Protein chains: 2
Amino acid sequence: MFNSEDARWMSRALELARRGRFTTSPNPSVGCVIVQNGILVGEGYHQQAGGPHAEVFALRQAGPAARGATAYVTLEPCSHHGRTPPCAQGLIDAGVARVVAASVDPNPRVAGRGLAMLTDAGIDAEAGLMSEAAEAINTGFMHRMRTGLPFVTVKLAASLDGRTALANGESKWITGPAARRDVQRHRALSCATLSGADTVLTDDASLNVRWDELPESVQAGYSEAGSAASALRQPLRVIIDTRNRLTPGLKLFAQPGPILLLRGEITGGLGEQVEECVLPLADNGRLDLPLLLAELGRRQVNHLWVEAGARLSGALLSAALVGELVLYQAPKLMGTASRGLFELPELTAMSQVPELEWRDCRRVGTDLKLTARVKN
Amino acid sequence: MFNSEDARWMSRALELARRGRFTTSPNPSVGCVIVQNGILVGEGYHQQAGGPHAEVFALRQAGPAARGATAYVTLEPCSHHGRTPPCAQGLIDAGVARVVAASVDPNPRVAGRGLAMLTDAGIDAEAGLMSEAAEAINTGFMHRMRTGLPFVTVKLAASLDGRTALANGESKWITGPAARRDVQRHRALSCATLSGADTVLTDDASLNVRWDELPESVQAGYSEAGSAASALRQPLRVIIDTRNRLTPGLKLFAQPGPILLLRGEITGGLGEQVEECVLPLADNGRLDLPLLLAELGRRQVNHLWVEAGARLSGALLSAALVGELVLYQAPKLMGTASRGLFELPELTAMSQVPELEWRDCRRVGTDLKLTARVKN
């Protein structure tokens with residue numbers, strides 16, 4: 001059983017965990033707080049893959065004060081030797097009396113074994129306190145551990161009447177600068193972004209994270225984590241270009257950060273950071289999206305941020321690969337002749353219509369930001 | 001100058017004013033509070049056209065305690081003999097020392113004369129305290145007094161991707177029961193509703209207010225105002241039917257409440273509550289919408305609630321007759337082949353796109369309710 005003191009300390013641990021969100025991928029973001037007789041004696045969070053886990057930082061700070069203390073950790077302590085020794089052992093060695101975890105680690109290599117190690121060593125170990133909040137910090141990681149696939153968020157930008165561009169293709173700018181900064185934040189939070197060649201070609205888009213365009217709160221987060229503009233993590237840019245339409249002169253290739261190009265054939269000559277890859281096509285002659293997602297999962301992509309047109313967005317949705325939609329909706333009207341958001345197979349009854357669930361609605365500058373989850 | 005005590009009492013007066021919103025049309029909803037040495041001695045609100053004004057109720061309750069008191073009133077006291085004597089004179093006669101009004105009455109027959117009467121009688125009279133909140137209670141009345149036209153709110157119901165019906169016309173139900181109850185509330189708040197024959201024919205819609213489908217808060221408001229189910233005020237239903245497609249058997253004609261039918265020719269035989277009317281057509285062969293709105297203004301329609309298809313909604317917007325949009329957005333996806341929200345003239349540059357301003361965004365059951373105002 002948990003009490004209100006437990007909730008207070010776990011909130012602090014969650015706050016710490018959130019600090020790592022821009023840098024820990026492919027690892028989860030985890031925070032840890034160690035409390036001795038109601039007094040915080042150590043805290044820490046995981047900063048980047050390969051570096052120490054949250055528990056290590058917290059135990060170091062606590063030193064001998066960890067003996068008999070309670071450790072609050074947002075994810076079950078690991079039980080396996082990875083790049084670092086198992087944290088469950090570290091907590092045992094430090095003489096901690098009680099461990100409270102927010103969520104169980106769905107990583108098949110952990111999955112309850114961390115808690116079991118602690119219990120076996122006579123430590124009072126429990127999980128489940130504020131687990132929803134903990135899940136939300138690592139939506140992508142949790143999803144990949146459970147399914148092998150990245151969690152997919154499709155970004156949309158449209159007018160009040162659901163239009164993304166005029167009939168002639170013009171679309172600059174539907175949404176305002178605050179919404180575009182928010183997109184930068186989502187890119188920075190993601191392990192990879194996915195677009196089609198059309199999206200790249202339409203605006204000569206570079207699809208990278210640009211330090212100067214990040215919201216100030218995100219810049220501050222980076223600085224706090226000890227990394228700054230120069231340490232900005234660029235998500236892997238995944239671009240579908242099965243007709244080999246992208247050419248070397250594009251801005252996309254001039255920006256730093258790795259690119260995975262799904263092509264019809266490999267040409268080379270696009271730069272060192274570009275990996276070309278030919279995947280088998282599906283029966284409809286288009287890229288096999290489930291295969292692509294499986295490949296990205298294999299590459300440890302936790303969270304995939306999609307910025308694409310109506311066809312690719314619709315195809316991902318129809319293939320049941322989408323977890324969430326983020327719609328930036330501008331207070332504009334573009335009319336029925338303008339372009340729409342999702343190409344879907346023909347629907348003849350309302351009962352066939354894909355249903356989602358609203359999760360959030362807020363203002364971002366002059367626009368609204370609406371978030372919906374696909375129902376499981 | 002106003003102080004925090006003033007704000008407190010004006011808030012109470014605004015709360016009272018809101019109680020009349022379903023019944024005072026074509027009059028504005030007004031509340032009044034009379035305060036003597038920090039103690040409330042009388043209060044009241046306008047309940048329905050022809051009945052006493054808010055000040056009359058409040059002065060009656062205050063009796064001799066009104067002498068030397070402060071009167072808070074949400075709209076400038078009237079200065080003219082209408083169906084009731086001028087309230088400014090009533091306040092003078094009662095010996096009130098100070099009058100605080102939220103907004104000046106834009107009615108050309110008042111327009112500052114009420115305040116002037118008070119000042120001339122030696123009363124300290126000021127307007128402008130919480131005037132935005134007061135305006136919001138009487139958006140329609142204020143707009144009609146200033147322009148001669150009703151304030152037009154266009155209701156929309158669409159999927160996340162801005163679609164109102166499948167390609168085959170099916171649309172039942174895109175939004176959930178809570179959104180439909182909220183529509184009932186808006187109908188009940190409006191002096192008139194406007195639809196096209198298509199909308200009536202598609203669902204054999206009656207477009208009336210149904211007591212059982214009103215939100216409980218609205219039912220409670222009615223009861224508090226002394227009226228109940230039987231006293232429900234039905235807005236005037238205005239239907240554009242220039243091709244005379246509506247026939248006697250429709251539900252529309254079976255429901256209580258007045259109907260104004262804009263027809264190609266007058267046929268009669270539709271029932272006592274139906275007024276047929278032939279208006280000249282515009283150059284494009286369609287009904288002249290500015291002319292219709294002017295006619296509705298002449299009939300003292302303050303607030304017009306539009307439930308129509310993409311063509312009529314688009315035509316109203318293009319004619320600059322729309323003040324506000326209310327969009328009920330369901331967490332569903334209907335695809336680009338489905339029907340859209342607004343038919344607009346061809347747009348070739350983003351600079352031609354009509355811009356609005358988001359005013360509100362909230363959840364209504366499983367749907368979102370988004371409100372946008374047209375920029376002036």
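The values are calculated or read from the model by the stated rules, or taken from the named source; none is laboratory data. Everything quoted here is computed from the prediction, not taken from an experiment. So basically every Cβ, Gly included, is an ideal-geometry build from the backbone, and we count neighbours across all protein chains shown. We work out accessible area using only protein heavy atoms, side chains counted, and drop any ligands, DNA or RNA first. Shrake-Rupley method; radii C 1.70, N 1.55, O 1.52, S 1.80 Å.
Looking at the structure I just gave you, is B:Pro28 in a loop (DSSP other than H, G, I, E, B), crowded, with 24+ Cβ neighbours inside 10 Å and not hydroxyl-bearing (Ser, Thr, Tyr)? It is true that B:Pro28 is in a loop (DSSP other than H, G, I, E, B), crowded, with 24+ Cβ neighbours inside 10 Å and not hydroxyl-bearing (Ser, Thr, Tyr).
The single condition among (1) of a type outside the set (Asp, Glu); (2) farther than 27 Å from A:His46 by Cβ; (3) not assigned by the TED database to the domain that holds A:Trp305 that A:Phe141 does not satisfy is (2). Being among the β-branched types (Val, Ile, Thr), open to solvent by less than 70 Å² (accessible area, probe 1.4 Å) and at the interface with chain B (Cβ under 7 Å from one of its Cβ atoms) is the requirement here; does A:Thr371 meet it? Considered against the rule, which asks whether it is among the β-branched types (Val, Ile, Thr), open to solvent by less than 70 Å² (accessible area, probe 1.4 Å) and at the interface with chain B (Cβ under 7 Å from one of its Cβ atoms), A:Thr371 comes out as no. Taking every residue in segment A:157-176 that is facing chain B (nearest Cβ under 7 Å) and pairing it with any residue that is among the small types (Gly, Ala, Ser) and surrounded by fewer than 15 Cβ atoms within 10 Å (Cβ to Cβ), at least 6 positions away or on another chain, the pairs with Cβ-Cβ distances below 9 Å are A:Leu166/B:Ala349; A:Asn168/B:Ala349; A:Glu170/B:Ala349. Residues considered: A:Glu276, A:Glu307. Of these, the only one that is in contact with a Leu (Cβ under 8 Å, 6 or more places away or on another chain), over 21 Å from A:Leu356 (Cα atoms), charged (D, E, K, R) and surrounded by 15 or more Cβ atoms within 10 Å (Cβ to Cβ) is A:Glu276. Scanning segment B:354-365 for residues that are within 18 Å of A:Trp358 (Cβ to Cβ) and facing chain A (nearest Cβ under 7 Å) yields B:Trp358, B:Cys361, B:Arg363. Applying the criterion of being at pLDDT 90 or above, open to solvent by 10 Å² or more (accessible area, probe 1.4 Å) and of a type in the set (Asp, Glu) to the residues of segment A:340-368, the residue that is nearest to A:Ala308 (Cα to Cα) is A:Glu343.
Inspection of segment A:328-345 identifies at least one residue that is within 21 Å of the chain's Cα centre (by Cα) and not aliphatic (A, V, I, L, M).
Taken as a whole, the structure leaves A:Gly297 outside the set of residues that are open to solvent by less than 70 Å² (accessible area, probe 1.4 Å) and within 7 Å of chain B (Cβ to nearest Cβ). The residues of segment B:198-220 that are at pLDDT below 90 and under 15 Å from the mean Cα position of the chain (by Cα) amount to a single one, B:Val218.
Test B:Gly249 against the criterion of being open to solvent by 20 Å² or more (accessible area, probe 1.4 Å) and of a type in the set (Gly, Ala, Ser), and give yes or no. In short, yes. Has segment B:280-289 got any residue that is in contact (Cβ under 8 Å) with a residue 40 or more places away in the chain, away from chain A (no Cβ under 14 Å) and buried (at least 17 other Cβ atoms within 10 Å of the Cβ)? Within segment B:280-289, one or more residues are in contact (Cβ under 8 Å) with a residue 40 or more places away in the chain, away from chain A (no Cβ under 14 Å) and buried (at least 17 other Cβ atoms within 10 Å of the Cβ).
Scanning segment A:339-353 for residues that are more than 7 Å from every other protein chain (Cβ to nearest Cβ) and either among the acidic types (Asp, Glu) or touching a residue at least 60 places away in the same chain (Cβ under 8 Å) (or both) returns a single hit, A:Arg339. Taken together, A:Ser195, A:Ser227, A:Ser223 contain a single residue that is at pLDDT below 95, among the polar types (S, T, N, Q) and outside any helix (DSSP H, G or I), which is A:Ser227.
The sole residue among B:Asn284, B:Asn302 that is in contact with a helix residue (DSSP H, G or I) (Cβ under 7 Å, 6 or more places away or on another chain) and over 20 Å from A:Thr164 (Cα atoms) is B:Asn302.
Could you list all residues from segment B:47-96 that are part of a loop (DSSP other than H, G, I, E, B), open to solvent by 10 Å² or more (accessible area, probe 1.4 Å) and at pLDDT 90 or above? Once the filter is applied, which keeps residues that are part of a loop (DSSP other than H, G, I, E, B), open to solvent by 10 Å² or more (accessible area, probe 1.4 Å) and at pLDDT 90 or above, segment B:47-96 yields B:His53, B:Arg67, B:Gly68, B:Ala94, B:Gly95.
Out of the residues in segment A:325-334 that are farther than 15 Å from A:Ser313 by Cα and at the interface with chain B (Cβ under 7 Å from one of its Cβ atoms), which is surrounded by the most Cβ atoms within 10 Å (Cβ to Cβ)? The extreme case among them is A:Met334.
Just to verify a result, which residue in segment B:147-156, among those that are in a strand (DSSP E or B) and of a type in the set (A, V, I, L, M), is nearest to the other protein chains (Cβ to nearest Cβ)? Checked segment B:147-156; the qualifying residue nearest to the other protein chains (Cβ to nearest Cβ) is B:Leu156.
Residues satisfying the criterion are absent from segment B:128-135 (criterion: under 18 Å from B:Leu333 (Cβ atoms), of a type in the set (D, E, K, R), touching a Ser or Thr at 6+ places or on another chain (Cβ under 8 Å) and surrounded by fewer than 22 Cβ atoms within 10 Å (Cβ to Cβ)). For A:Ala337, indicate whether it is crowded, with 21+ Cβ neighbours inside 10 Å and either over 25 Å from A:Arg237 (Cα atoms) or not assigned by the TED database to the domain that holds A:Gly264 (or both). Here the answer is no, as A:Ala337 does not meet what is asked.
Kindly indicate whether any position in segment A:302-316 is closer than 18 Å to A:Thr147 by Cβ and either within 14 Å of chain B (Cβ to nearest Cβ) or modelled with pLDDT under 95 (or both). Yes: segment A:302-316 contains one or more residues that are closer than 18 Å to A:Thr147 by Cβ and either within 14 Å of chain B (Cβ to nearest Cβ) or modelled with pLDDT under 95 (or both). Restricting attention to segment B:146-172 and to residues that are open to solvent by less than 40 Å² (accessible area, probe 1.4 Å) and of a type in the set (A, V, I, L, M), the residue that is farthest from the chain's Cα centre (by Cα) turns out to be B:Leu166. Taken together, the residues in segment A:105-122 that are surrounded by fewer than 19 Cβ atoms within 10 Å (Cβ to Cβ) and in contact with a strand residue (DSSP E or B) (Cβ under 6 Å, 6 or more places away or on another chain) amount to 1.
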